[in-house]
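K.L.:
Below you'll find the structure I mean.
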């Protein structure tokens, strides 16, 4: 109830400005605004995004508003069954992959990358960082010159640093903490492998994997919902079960085979440019909204 005043403020602005479309960036609390729009401003088209957070929290209000929305966007095909089972008509659901800003990607020279593995994320339990460090210990045993860089911070950092000391890897592992977005891209562009061992069901095509792929850093990831829509195994990266032996085998092969690493990196960069370019994705979404306003349909004439 504490958000009710803000909800009413937002709705009052909508009533004054009367936009063609109101878009709810996610469900849950914004759904209260959507309810008011459908109840009192029926000429306004209601657009709504439902992603991993909404699917996991399963707030009933989100489903009710989504079932009445003109269009419901989601960022992965693996979400479709869950949304339809919640009562949202399939004809209203559009899969819209969230893109990344490719202008942030620095120029890369694949044949001059150091022997480095990078990972990134909030250092919390459930993200698989303890498992990743254990895997790196085995990788380091086979490739003694390899180093690991961790980008991100969180409550598990002290435990992870203790784990690194236990393996005697202090000189091979660097914790860089929270860094600016530009530095994330710089680290990806100067590393050979991005290792991502999370199996958190909230991941759903993580942006950090897209960014690593765009930078030509070959991604080795464990399975999460929808990951095959982003990483095509052995083509644009590697999807490996959370099995220590298999992960070590794949990473060491990449570190030792420069030609394979460069081929996968080139495939990944092209795939992200084609399918996950933020500018292209936003323009496509704008055309859908325009068609909805002009024709009452998501399909533009001539498309």
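The values are calculated or read from the model by the stated rules, or taken from the named source; none is laboratory data. Treat the numbers as computed from the prediction; the structure is a model and nothing was measured. All Cβ positions, glycine included, derive from the backbone under ideal geometry; neighbour counts span all protein chains shown.
K.L.:
Do any helices (runs of 4 or more DSSP H) entirely within segment 190-303 hold 3 or more residues that are under 30 Å from residue 42 (Cβ atoms), and if so, which?
P.N.:
Per the criteria, 278-295.
K.L.:
Here is a further query. Which one of 12, 17 is closer than 28 Å to residue 278 by Cβ and out of contact with any helix residue (DSSP H, G or I) (no Cβ under 7 Å at 6 or more places or on another chain)?
P.N.:
Exactly one of 12, 17 is closer than 28 Å to residue 278 by Cβ and out of contact with any helix residue (DSSP H, G or I) (no Cβ under 7 Å at 6 or more places or on another chain), namely 17.
K.L.:
Take the residues of segment 14-29 that are exposed (fewer than 11 other Cβ atoms within 10 Å of the Cβ) and more than 17 Å from residue 289 (Cα to Cα): which is nearest to the chain's Cα centre (by Cα)?
P.N.:
17
K.L.:
A further question on this structure: How many of the residues making up segment 202-228 are in contact with a strand residue (DSSP E or B) (Cβ under 9 Å, 6 or more places away or on another chain) and surrounded by fewer than 19 Cβ atoms within 10 Å (Cβ to Cβ)?
P.N.:
Count: 3.
K.L.:
Could I ask something else about it? Is segment 67-78 home to any residue that is more than 19 Å from the chain's Cα centre (by Cα), within 20 Å of residue 201 (Cα to Cα) and either modelled with pLDDT of 95 or more or outside any helix (DSSP H, G or I) (or both)?
P.N.:
Within segment 67-78 (the criterion being more than 19 Å from the chain's Cα centre (by Cα), within 20 Å of residue 201 (Cα to Cα) and either modelled with pLDDT of 95 or more or outside any helix (DSSP H, G or I) (or both)), the answer is no, since none of the residues qualifies.
K.L.:
Scan segment 252-265 for residues that are touching a residue at least 12 places away in the same chain (Cβ under 8 Å) and either surrounded by fewer than 14 Cβ atoms within 10 Å (Cβ to Cβ) or touching a strand residue (DSSP E or B) at 6+ places or on another chain (Cβ under 6 Å) (or both) and report the count.
P.N.:
The total comes to 6.
K.L.:
Then there is this: Answer with yes or no whether residue 56 is within 22 Å of residue 281 (Cα to Cα), assigned to a helix (DSSP H, G or I), outside the structural domain of residue 226 (by TED's automatic domain parsing) and within 19 Å of the chain's Cα centre (by Cα).
P.N.:
No: the conditions fail for residue 56.
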